Amino acid sequence: ELLVRRAHLRWQTSRAPTTVDEALEAVRLSAEYPESAQYALAVTGLASEEVWDGMPSGLARADEAVRLARACGSAKALTEALITKVTARVFAGESGGLAEAKEAQAAAARARDFHGFTGAAEWAANCLDISSANRDAIDHLRRSREELTTLGAPHCYVAKLSAYEAFGLVQLGDWRACVERLRVALGSTPGPRGDMIARLTAALLAVRQ
């Protein structure tokens, strides 16, 4: 579980990503307990690395991770497994995935897993094609951000969703609302990922203005 958590922290802090070999080590350590949440998380971590590395085994392993997560009853494990499955489907060019992304968000809310909630919200927006100025995607991010605030999440998670929402708003041409979201995102230290999205969005807004 610590190895999986370290992989998440590397991603959030923009450090060197976890390798497939490191993900395999987490699977090896937890394989003796196949019904545990830790094993489900480890298999999910391996599936995620395979998906992002373009390995053909990624999608099937993501399916297996979802099965393990449902069997062990861990909301956190289910969140991560569903996100990985949605990612694999999007990368494979498959349609759908929105229902699974929303299920991942609901599971993350139950577990108060803010990292998972944010990731699920982002992938739901991707399924709705936020880059094409899709109002449904922006509305989903807004509702997700409001729910995250209600859950009492730290600013870095709220900032990341605010920045992503701002990106959708600039695609839509609503520059005033975009600026409002950027002010929230950059109003306090947003963390490396949120900062990156916010500043790239601000640059895009400046160019278009």
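The values are calculated or read from the model by the stated rules, or taken from the named source; none is laboratory data. Quick caveat: nothing in here was measured; it's all calculated off a predicted structure. All Cβ positions, even for glycine, are placed from backbone atoms using ideal geometry, and neighbour counts span all protein chains on display. Note: areas computed on protein heavy atoms with side chains; ligands, DNA, RNA excluded. Shrake-Rupley method; radii C 1.70, N 1.55, O 1.52, S 1.80 Å.
Numbers below:
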read-out	value
Within segment 68-115, considering residues that are among the small types (Gly, Ala, Ser) and not in a helix (DSSP H, G or I), the one surrounded by the fewest Cβ atoms within 10 Å (Cβ to Cβ)	Gly93
Of all residues making up segment 1-47, the number that are among the hydroxyl-bearing types (Ser, Thr, Tyr) and open to solvent by less than 30 Å² (accessible area, probe 1.4 Å)	4
Criterion violated by Tyr164 - all others in (1) surrounded by 24 or more Cβ atoms within 10 Å (Cβ to Cβ); (2) under 19 Å from Glu80 (Cα atoms) satisfied	(2)
Residue within segment 126-138 that is farther than 22 Å from Leu200 by Cβ, of a type in the set (Lys, Arg) and open to solvent by 50 Å² or more (accessible area, probe 1.4 Å) present	no
Segment 192-207 - residue that is out of contact with any helix residue (DSSP H, G or I) (no Cβ under 7 Å at 6 or more places or on another chain) and closer than 17 Å to Ser131 by Cα and, of those, most open to solvent (accessible area, probe 1.4 Å)	Arg199
Subset of segment 176-191 [surrounded by fewer than 20 Cβ atoms within 10 Å (Cβ to Cβ) and of a type in the set (Gly, Ala, Ser)]	Ala177, Gly187, Ser188, Gly191
Which numbered condition Ala153 misses (of (1) assigned to a helix (DSSP H, G or I); (2) crowded, with 18+ Cβ neighbours inside 10 Å)	(1)
Considering residues of segment 4-48 that are among the acidic types (Asp, Glu) and modelled with pLDDT under 95 only, the residue nearest to Cys72 (Cα to Cα)	Glu22
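To keep it simple, each residue is scored yes or no on (1) of a type in the set (Asp, Glu); (2) farther than 22 Å from Leu2 by Cβ; (3) in contact (Cβ under 8 Å) with a residue 24 or more places away in the chain.
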| residue | (1), (2), (3) |
| --- | --- |
| Ser74 | no, no, yes |
| Thr79 | no, no, yes |
| Gly93 | no, yes, no |
| Ala101 | no, yes, yes |
| Ala124 | no, yes, yes |
| Cys127 | no, yes, yes |
| Asp139 | yes, yes, no |
| Glu147 | yes, yes, yes |
| Tyr164 | no, yes, yes |
